[in-house]
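Working notes, structure below.
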Amino acid sequence: AARSAAWNSLSANDRLSSLLRLEGAELWLYRRIRADDLPIATPLGESLRQAAHGAALRGMRVDEETEAVIDALTAARLPFTLIKGPARRAAAAPYPYADARSTLDVDLLLPEANARAAHQLLVASGYEPAGDPAESPLDHFHLPPLWNARRVAVEMHTSTSPWITPAEAWRRETEGADRVEWAGRALTVAPATELFWHALVHAFVDGAAGFRLRAFLDGAVVLASGRPVDWPTIGGRIASGEVRNRARGAAGDVETDLSPGWLNRP
């Protein structure tokens, strides 16, 4: 009731602005409007501009942290590849607008044998736990997040999902990976098939929170790029029932299952 009353107290412009922030699409919409040279000198346009600039600033903070971590791992000769938000931002040239949705932290995938060394490297450099380490137990698919004075969390992943072995995750992300130039650095990002699959899986794992434009945009930019997606591989993973997770909903734990059975539900 309190949430409904707060919503009803907003003007139409404020409601739309709040919705865009919730959907994580304010930067995308603002850039689209500017690219098409559409008029934006309205109260809503000004609100959108401010929201987009805020999202862009947050993205720049993530970029700064990403560059610092990349340089530290490269100097230590520890292999890694960017995933999630940093991968999208680094791949904006082959995937236009891939960097036009909100991102808050730095995610990297490392071979399982190197992840703890990378984690300890950052700790030795002055990083400290970002949150409760107990939320990332030793068998979790990423080590406890770290951050330093910049207060941008860094997650060292050994896999991209609780159901994928570290070796298979590394193979998927690096086999046929694309080389990109970003921030004066030569990097690798996963091929289009894996970028699209991760967008699909991430939305379902998030449960109701995954049904947002920001999740849709992750897959849409891959499709819009025209780069080849291995659809038999995507279909095979769906048919195998690979994705099963217990996602926490408002009323407790609810089953999230991306499989043929899920696809046939009413």
Among the residues that make up the stretch 66-78, is at least one of them out of contact with any strand residue (DSSP E or B) (no Cβ under 6 Å at 6 or more places or on another chain), modelled with pLDDT under 95 and farther than 22 Å from P166 by Cα?
no
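Out of curiosity, is L104 surrounded by fewer than 21 Cβ atoms within 10 Å (Cβ to Cβ) and either under 14 Å from the mean Cα position of the chain (by Cα) or assigned to a loop (DSSP other than H, G, I, E, B) (or both)?
yes
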Restricted to the stretch 133-160, and to residues that are modelled with pLDDT of 90 or more and aliphatic (A, V, I, L, M), which residue is surrounded by the fewest Cβ atoms within 10 Å (Cβ to Cβ)?
A149
Just to be sure I understand, how many residues within the stretch 173-200 are over 15 Å from P228 (Cα atoms), open to solvent by 20 Å² or more (accessible area, probe 1.4 Å) and either among the charged types (D, E, K, R) or not in a strand (DSSP E or B) (or both)?
8
The stretch 54-80, subset open to solvent by 50 Å² or more (accessible area, probe 1.4 Å) and under 19 Å from the mean Cα position of the chain (by Cα), residue nearest to L122 (Cα to Cα)
E67
Looking at the structure I just gave you, is R49 open to solvent by 30 Å² or more (accessible area, probe 1.4 Å), more than 28 Å from S125 (Cβ to Cβ), of a type in the set (K, R) and more than 16 Å from the chain's Cα centre (by Cα)?
yes
Is it fair to say E128 is touching a strand residue (DSSP E or B) at 6+ places or on another chain (Cβ under 8 Å) and at pLDDT 90 or above?
yes
Show the residue pairs that are 6+ apart or on different chains and have beta-carbon atoms under 7 Å apart, the first residue being within the stretch 163-188 and basic (K, R), the second being part of a strand (DSSP E or B).
R179/A186; R179/T188
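Taking the options T66, T42, name whichever one is among the hydroxyl-bearing types (S, T, Y) and closer than 22 Å to E173 by Cβ.
On the way: T42 fails: closer than 22 Å to E173 by Cβ.
Testing whether each residue is among the hydroxyl-bearing types (S, T, Y) and closer than 22 Å to E173 by Cβ leaves just T66.
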Could you please find all residues in the stretch 207-244 being within 20 Å of S159 (Cα to Cα) and open to solvent by 60 Å² or more (accessible area, probe 1.4 Å)?
S240, R244
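Could you say which residue among A169, A113 is hydrophobic (A, V, I, L, M, F, W, C), over 28 Å from L57 (Cβ atoms) and open to solvent by 20 Å² or more (accessible area, probe 1.4 Å)? Before you say what the answer is, go through the steps one by one.
Values: A169 fails: open to solvent by 20 Å² or more (accessible area, probe 1.4 Å).
So the residue among A169, A113 that is hydrophobic (A, V, I, L, M, F, W, C), over 28 Å from L57 (Cβ atoms) and open to solvent by 20 Å² or more (accessible area, probe 1.4 Å) is A113.
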Kindly establish whether R116 is in contact with an Asp or Glu (Cβ under 7 Å, 6 or more places away or on another chain), in contact (Cβ under 8 Å) with a residue 12 or more places away in the chain, of a type outside the set (D, E) and assigned to a helix (DSSP H, G or I).
no
Do you know which of the residues in the stretch 173-207 that are touching an Asp or Glu at 6+ places or on another chain (Cβ under 6 Å) and hydrophobic (A, V, I, L, M, F, W, C) is farthest from E67 (Cα to Cα)?
A199
In the stretch 81-97, anything assigned to a helix (DSSP H, G or I), closer than 12 Å to L187 by Cβ and open to solvent by 30 Å² or more (accessible area, probe 1.4 Å) is listed as R89
Checked pairs for the stretch 17-37, first within 11 Å of R49 (Cα to Cα), second modelled with pLDDT of 80 or more and acidic (D, E), C-beta under 9 Å and 6 or more apart or across chains, list as S17/E26; L27/D99
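The values are calculated or read from the model by the stated rules, or taken from the named source; none is laboratory data. As the structure is a computational prediction, the values presented were derived from the model and not from experiment. Cβ: placed from backbone, ideal geometry, glycine included. Neighbour counts: every protein chain shown. In case anyone asks, the SASA skips ligands and DNA or RNA and just uses the protein heavy atoms, side chains included. Shrake-Rupley method; radii C 1.70, N 1.55, O 1.52, S 1.80 Å.
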